[in-house]
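What follows is one structure encoded as structure tokens, with my remarks underneath.
The values are calculated or read from the model by the stated rules, or taken from the named source; none is laboratory data. Treat the numbers as computed from the prediction; the structure is a model and nothing was measured. So basically every Cβ, Gly included, is an ideal-geometry build from the backbone, and we count neighbours across all protein chains shown.
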Amino acid sequence: MDLIFPPTCVICGKIEPEWICNKCSYLLRKEAEAECGCIENFNNQESFSELLYLFNYKGIIRDLILKFKFQSCPYVSKVFVNFLLKNEKIFQKIEKYDTIIPVPISKERKKERGYNQSLVFARELCKYLENVVLIDNCLYKIKNTVPQSTLTKQQREENIKNAYELKNKQIIKNKKILLIDDIYTTGNTVNECAKILKAGNPKNIGVLTIAKD
């Protein structure tokens, strides 16, 4: 299959078995080292304790995430996870969690895209984490909301209310949960998800996103 459809760099299109060429890898590595961050001690309006992110949502990172999200390119997750694994600061913080939960999407949105990009990213990341369990059967999106990117900050908050539901809540009791999404903008989506997850009495909830806007 590689002879007929050879893998190419996800950024420049050059034939590359590792999905990203050395030149583009260097560009992303510089951005990851400069842009990654951790925000802790959120105010009382937030339902999670910290936000971890690898990039700022701009330039080639923005283009790559949009490709991953909307152009049926799940293999792009390998590129993001590869850079995350090389970031000791972020990786050490991730290792303190024992449970990973991806932000779910509605059935309608999954039908449009073919997959949930947060789940694809979470599965790829879990391949490299010991003693961490991926749970995708407790948090569900029950409302097909308008895309958050098309709304104002106030509209986003209203749009996401009552959009999620918690099932099998006993499986997250006393767990240290890392909630995973692709982009953090206003925080309304992950905050609403974390609020719902709190009903299961987890020990702690943190958030990891590929990028922060």
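Brief remarks on what is shown
- Exactly one residue out of Thr152, Thr145 is among the β-branched types (Val, Ile, Thr) and without any contact (Cβ under 8 Å) to a residue 24 or more places away in the chain: that is Thr152.
- Annotation: of all residues in the range 92-117 being hydrophobic (A, V, I, L, M, F, W, C) and not in a helix (DSSP H, G or I), the one that is farthest from the chain's Cα centre (by Cα) is Ile105.
- Of all residues in the range 15-48, those satisfying the criterion of being at pLDDT below 85 and of a type in the set (D, E, K, R) are Glu16, Glu18, Arg29, Lys30, Glu31, Glu33, Glu35, Glu40, Glu46.
- The one condition from (1) over 17 Å from Asp213 (Cβ atoms); (2) within 14 Å of the chain's Cα centre (by Cα) that Leu66 does not meet is (1).
- Within the range 11-22, the set of residues being more than 17 Å from Asp63 (Cα to Cα) and not aliphatic (A, V, I, L, M) comprises Glu16, Pro17, Glu18, Asn22.
- Filtered residues of the range 118-144 (kept if assigned to a loop (DSSP other than H, G, I, E, B) and either at positive phi or out of contact with any Cys (no Cβ under 7 Å at 6 or more places or on another chain) (or both)): Lys127, Tyr128, Leu129, Glu130, Asn131, Ile135, Asp136, Asn137, Cys138, Ile142, Lys143, Asn144
- Residue within the range 154-173 that is assigned to a helix (DSSP H, G or I) and in contact with a strand residue (DSSP E or B) (Cβ under 9 Å, 6 or more places away or on another chain) present: yes
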